[in-house]
Amino acid sequence: MLDNVAQKAKKRAATLSITSAILLTFIKITLALTTNSLAIFALAIDSILDIAGSGTAYISVRISGKPPDLGHRYGHGKIENFGGLLITGIIIVTVGFLVYESINRILYTSTIISFSFIGIIGIILSIAIEIVVSWQLKRTAIQYNSQVLEANSLQFRMDIWTQSVVIIGLILVDLGYNTADSLIAILVAVYIAYLGIKIGSKSIGVLLDRVPIDLVKRIEIAIEGVEGVIKYENLRVRTSGPQTFVDMQIHVPRIFSLEKAHNIASEVEEKVKNVIPDVDVLVHVEADEENEKIKDKIRLIATEIPGIKGI
């Protein structure tokens with residue numbers, strides 16, 4: 001469990017993230033209603049996605065130390081993944097409406113976009129806020145090794161580039177190219193759909209207990225580096241929210257004492273924890289007689305005879 005200082009720092013960063021996302025969404029919705037710009041409306045939808053991401057980060061930090069209960073032996077982390085799947089559905093429907101409205105404006109409806117200068121100023125303000133928030137999240141993530149805060153920081157940094165594209169669209173509108181707003185809205189909508197599908201795919205993967213192959217490979221390399229492990233089998237990996245669970249069976253020479261076998265199992269656990277920071281490891285030890293030497297077989301037979309204390 002994280003110490004109190006780290007936990008408080010992560011909670012502050014997560015709170016800053018979700019508060020900023022709500023503020024930015026309010027700013028962009030206000031700008032969209034004021035300017036009648038679909039591109040800015042697309043940014044508002046993107047900010048709603050940020051709220052979901054920030055909310056996920058906040059919940060992850062809040063429940064990361066919560067112990068499993070009788071009904072949830074692996075904890076409560078998969079609620080985040082289920083929520084991500086629901087959010088993806090909402091995003092896809094909203095993006096579909098946005099693309100439809102953009103095409104309708106280009107082909108059939110002539111819409112006047114006003115106060116583009118105000119929209120540009122508002123977006124520049126949003127970019128400034130996101131630069132500060134992303135820097136703070138990144139700093140806290142590196143300091144306390146938080147993957148969820150680091151991902152949240154990346155989400156804010158990506159928004160900075162998206163909004164820069166929208167500013168170009170609004171400048172083109174001011175120059176008389178009114179269709180530029182709808183075209184930029186379509187581009188942003190496609191980008192948001194990509195992010196939404198990516199989140200949804202990841203959520204489905206976690207709910208189906210799918211894990212990245214490279215993660216399994218890193219665990220296997222860590223196990224193979226432990227002296228005394230003859231072989232391992234039944235390696236299983238699953239994730240639940242921010243936490244990863246690993247269980248496996250290792251084989252050690254049956255000549256080893258119980259204490260030595262236990263020490264080897266502990267070393268395997270430490271190796272896996274070095275690969276995955278937030279992990280719960282279960283190692284089952286099996287005595288193995290494969291490639292056992294004759295003198296070891298004799299020694300084991302002799303120690304089973306009552307009265308023999310040493311050989």
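The values are calculated or read from the model by the stated rules, or taken from the named source; none is laboratory data. Predicted, not measured: the structure shown is a model, and the values here were computed from it. Neighbour counts run over all protein chains shown; Cβ positions are idealised from the backbone, glycine included. Quick note on the areas: whole protein, heavy atoms, side chains included, nothing else; ligands and nucleic acids left out. Shrake-Rupley method; radii C 1.70, N 1.55, O 1.52, S 1.80 Å.
Which one of the conditions (1) surrounded by fewer than 19 Cβ atoms within 10 Å (Cβ to Cβ); (2) at pLDDT 70 or above does Thr25 fail to meet, given that it meets all the rest?
Just one mismatch for Thr25, condition (1).
Got at least one residue in segment 284-299 being β-branched (Val, Ile, Thr), without any contact (Cβ under 8 Å) to a residue 40 or more places away in the chain and closer than 30 Å to Tyr144 by Cβ?
Checking segment 284-299: not a single residue is β-branched (Val, Ile, Thr), without any contact (Cβ under 8 Å) to a residue 40 or more places away in the chain and closer than 30 Å to Tyr144 by Cβ.
Of the residues Val206, Val226, which single one is surrounded by 14 or more Cβ atoms within 10 Å (Cβ to Cβ) and more than 28 Å from the chain's Cα centre (by Cα)?
Val226
Is it true that Leu172 is of a type in the set (A, V, I, L, M), open to solvent by less than 80 Å² (accessible area, probe 1.4 Å), free of Cβ contacts under 8 Å to residues at least 24 places away in the same chain and not in a helix (DSSP H, G or I)?
So Leu172 fails the test.
Looking at (1) among the charged types (D, E, K, R); (2) at pLDDT 75 or above; (3) within 19 Å of Thr244 (Cα to Cα), which is the one condition that is false for Arg73?
(2)
I'd like the full set of residues that are surrounded by fewer than 15 Cβ atoms within 10 Å (Cβ to Cβ) and farther than 30 Å from Arg236 by Cα, limited to segment 180-203.
Matches in segment 180-203: Val190, Tyr194.
Can you tell me which condition Ala39 does not meet? The list is (1) over 18 Å from the mean Cα position of the chain (by Cα); (2) modelled with pLDDT of 75 or more; (3) open to solvent by less than 30 Å² (accessible area, probe 1.4 Å); (4) of a type outside the set (S, T, N, Q), and all the others hold.
All conditions are met except number (2).
Which of the numbered conditions does Leu258 fail, given that it passes all the others? Conditions: (1) under 30 Å from Ile311 (Cβ atoms); (2) in contact (Cβ under 8 Å) with a residue 24 or more places away in the chain; (3) among the hydrophobic types (A, V, I, L, M, F, W, C); (4) exposed (fewer than 14 other Cβ atoms within 10 Å of the Cβ).
Every condition holds for Leu258 apart from (2).
Quick one: Gln143 ticks every box in (1) under 20 Å from Lys28 (Cα atoms); (2) touching a residue at least 40 places away in the same chain (Cβ under 8 Å); (3) of a type outside the set (Asp, Glu); (4) open to solvent by 60 Å² or more (accessible area, probe 1.4 Å) bar one, so which box is it?
Every listed condition holds for Gln143 apart from (1).
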